[in-house]
Structure formats: structure tokens, C-alpha cells
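Read the structure below first, then the notes.
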Amino acid sequence: MRNKHNQQGAVLVTSLIFLVILTLLAVSAMRSTGMDEKMAANALNQDSAFQAAEAAVRQGLFQVSSGVITSTSGFVANCTAGTGLCLPSTNGVPVWSTIFPFGQVTQSANAQTYTGTALVGVANQPQYVIELFSNVQYPASGGTCSVGRSVGSQCQASPYRVTARGWGLAPEAQATTQATYLYF
């Protein structure tokens, strides 16, 4: 039988090492869970911004397709009238990129603000601009236009581009979406 005074404490050292390993595993698991929560929050934030931008694009497309906005609605160069109705850029820089610069966390004075049911939880209500491009002409088939407006022996259509910016739960989360509409 061993004497109590001759033991070296091997069980104590082994159990302390085991506790340190368990502690490291627990800390690692907590960090991983915290990172997962941050990623989920960022995804929610970005999805909210995208959905807000999509709502604004739909409103702009509705205004064009229903005839609320036509080619005679007062489109101006550089979109400076504050109506969100823009003629295309002449310097090669898209008009929408100057109205919605990357990282801008506030609304633009030169864009239209979404007027549908207020989107709850977003930092700002989404905004959009509608750009009118030059009319597209194409030859009439058999002398008549099956779609489009007749202009002499040609058919004519008006192309529009709707660009929208949506903000998420935080103003730093932003999404920009575009849609093109060819009005015949």
C-alpha cells in the first residue's frame, strides 16, 4: 500500500490539462456562434436593402407602364430638377451613379422617394430615378407596326431605365437594382 506522502500529483496535473482543453473548446464554440450571429444579421440587413430597392424599382416601372410617366414628362439632363426624371448622360458616366454614389447613407435630393406602403425597419425609404433614352426605331413589317408607334415607314419605341437604391436596417447596408422597360 502506498503512503499518502509519496504521491506526486499526476492526477491533478492531468485533470488541469483536461480542463484547459475543455475551456479552449468552449471559448472556440462561443466565438463561432457569435460569428454566425453576425453573419445572419448582415444577411438580414442586406436582404432588407435589396427588398426595399426592388419595391422602388417596381413603383418606377409601374409609373412608366401605366402611362403616369411618358416621354413628355419633363426629363432633364443630370437629373437636377429633383423629380428623378433623367435624360441619359452625355459624358459616359451613368446618371444614376452620380445620384446614388457608392456609400452614400442619406437620400438624394434628385431622386423620387418610394411612396407605397412605408417599409418598416429600414434606415431610409428607398429612392429611384427613371432615365429616358433615345427612341428606338425599327422597320415596319409589311408596312404596319404590330407593336410600337408608327413614324412614317418606321416603328418607334421608348426605352426607360429605372434605377433604385434601398437601405437596410442600418444606413450602411445598401442595394442598387435596375430594370429596363421598352415602351411601345
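For residues that are surrounded by 20 or more Cβ atoms within 10 Å (Cβ to Cβ) and among the hydrophobic types (A, V, I, L, M, F, W, C), scanning just region 150-174, find the one that is modelled with the lowest pLDDT.
C155
Hey, does region 88-97 have a residue that's surrounded by 16 or more Cβ atoms within 10 Å (Cβ to Cβ), under 19 Å from R58 (Cβ atoms) and at pLDDT below 90?
Scanning region 88-97, I find at least one residue that is surrounded by 16 or more Cβ atoms within 10 Å (Cβ to Cβ), under 19 Å from R58 (Cβ atoms) and at pLDDT below 90, so the answer is yes.
Select, from G60, G67, G92, G74, the only residue that is without any contact (Cβ under 8 Å) to a residue 24 or more places away in the chain and closer than 16 Å to Y183 by Cα. Let's see the steps before the verdict.
On the way: G60 fails: without any contact (Cβ under 8 Å) to a residue 24 or more places away in the chain; G92 fails: closer than 16 Å to Y183 by Cα; G74 fails: closer than 16 Å to Y183 by Cα.
Matching residue, one of G60, G67, G92, G74: G67.
Since A41 meets every condition but one in (1) surrounded by fewer than 16 Cβ atoms within 10 Å (Cβ to Cβ); (2) in contact with a strand residue (DSSP E or B) (Cβ under 6 Å, 6 or more places away or on another chain); (3) outside any loop (DSSP other than H, G, I, E, B); (4) small (G, A, S), which condition does it not meet?
So the condition that A41 fails would be (2).
Select, from I69, I21, I17, the only residue that is farther than 17 Å from Q174 by Cα and either basic (K, R) or outside any helix (DSSP H, G or I) (or both).
On the way: I21 fails: either basic (K, R) or outside any helix (DSSP H, G or I) (or both); I17 fails: either basic (K, R) or outside any helix (DSSP H, G or I) (or both).
Unique residue meeting the criteria: I69.
The values are calculated or read from the model by the stated rules, or taken from the named source; none is laboratory data. Keep in mind it's a predicted model, so treat the numbers as computed, not measured. Counting neighbours? That spans all protein chains shown, and the Cβs are built from the backbone with ideal geometry, glycine included.
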